[in-house]
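The structure under discussion appears below in the form of C-alpha cells.
The values are calculated or read from the model by the stated rules, or taken from the named source; none is laboratory data. Source: prediction; values computed, not measured. All Cβ positions, even for glycine, are placed from backbone atoms using ideal geometry, and neighbour counts span all protein chains on display. Quick note on the areas: whole protein, heavy atoms, side chains included, nothing else; ligands and nucleic acids left out. Shrake-Rupley method; radii C 1.70, N 1.55, O 1.52, S 1.80 Å.
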Amino acid sequence: MVKLALERSEGVTEFKLKLASAWVKFDADMITEDTIINNIKKTTRYPYVTVKE
C-alpha cells in the first residue's frame, strides 16, 4: 500500500521500500514532505508515519 501511495504522488521521483521503512526522493517544487506523509496515511490508514533525516 505504501508503494501505491508513493506511485500516485506526483513529484516523487524515486523510492525504495524495505520492511517498515522507505527511502523517498522527491521534487520539492512539486510536492512537500507533509503531502507525501498524508498520502501514505490516507492510502494505508497507518496512524503514524515518521520522517528520519
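Pull out all pairs, ordered by first then second residue, where Cβ-Cβ is under 8 Å, the residues are six or more apart or on different chains, the first lies in region 4-20 and is polar (S, T, N, Q), and the second is surrounded by 13 or more Cβ atoms within 10 Å (Cβ to Cβ).
Ser9/Phe26; Ser9/Ile31; Ser9/Thr35; Ser9/Ile36; Ser9/Asn39; Thr13/Phe26
Any idea which residue in region 26-38 is surrounded by the most Cβ atoms within 10 Å (Cβ to Cβ), counting only those that are farther than 18 Å from Met1 by Cβ and in contact with a Phe, Trp or Tyr (Cβ under 9 Å, 6 or more places away or on another chain)?
The extreme case among them is Phe26.
Restrict the check to region 39-46 and report whether at least one residue is open to solvent by less than 80 Å² (accessible area, probe 1.4 Å) and in contact (Cβ under 8 Å) with a residue 40 or more places away in the chain.
There is at least one residue in region 39-46 that is open to solvent by less than 80 Å² (accessible area, probe 1.4 Å) and in contact (Cβ under 8 Å) with a residue 40 or more places away in the chain.
Within region 1-35, can you find the residues that are in contact with a helix residue (DSSP H, G or I) (Cβ under 8 Å, 6 or more places away or on another chain) and of a type in the set (A, V, I, L, M, F, W, C)?
Met1, Val2, Leu4, Ala5, Leu6, Val12, Phe15, Leu17, Ala22, Val24, Phe26, listed by residue number.
Counting only residues that are under 9 Å from the mean Cα position of the chain (by Cα) and open to solvent by less than 80 Å² (accessible area, probe 1.4 Å), how many does region 1-25 have?
Matching residues across region 1-25 total 8.
Here is a list: Glu33, Glu53. Which entry is over 10 Å from the mean Cα position of the chain (by Cα) and without any contact (Cβ under 8 Å) to a residue 40 or more places away in the chain?
Being over 10 Å from the mean Cα position of the chain (by Cα) and without any contact (Cβ under 8 Å) to a residue 40 or more places away in the chain holds for just one of Glu33, Glu53, which is Glu53.
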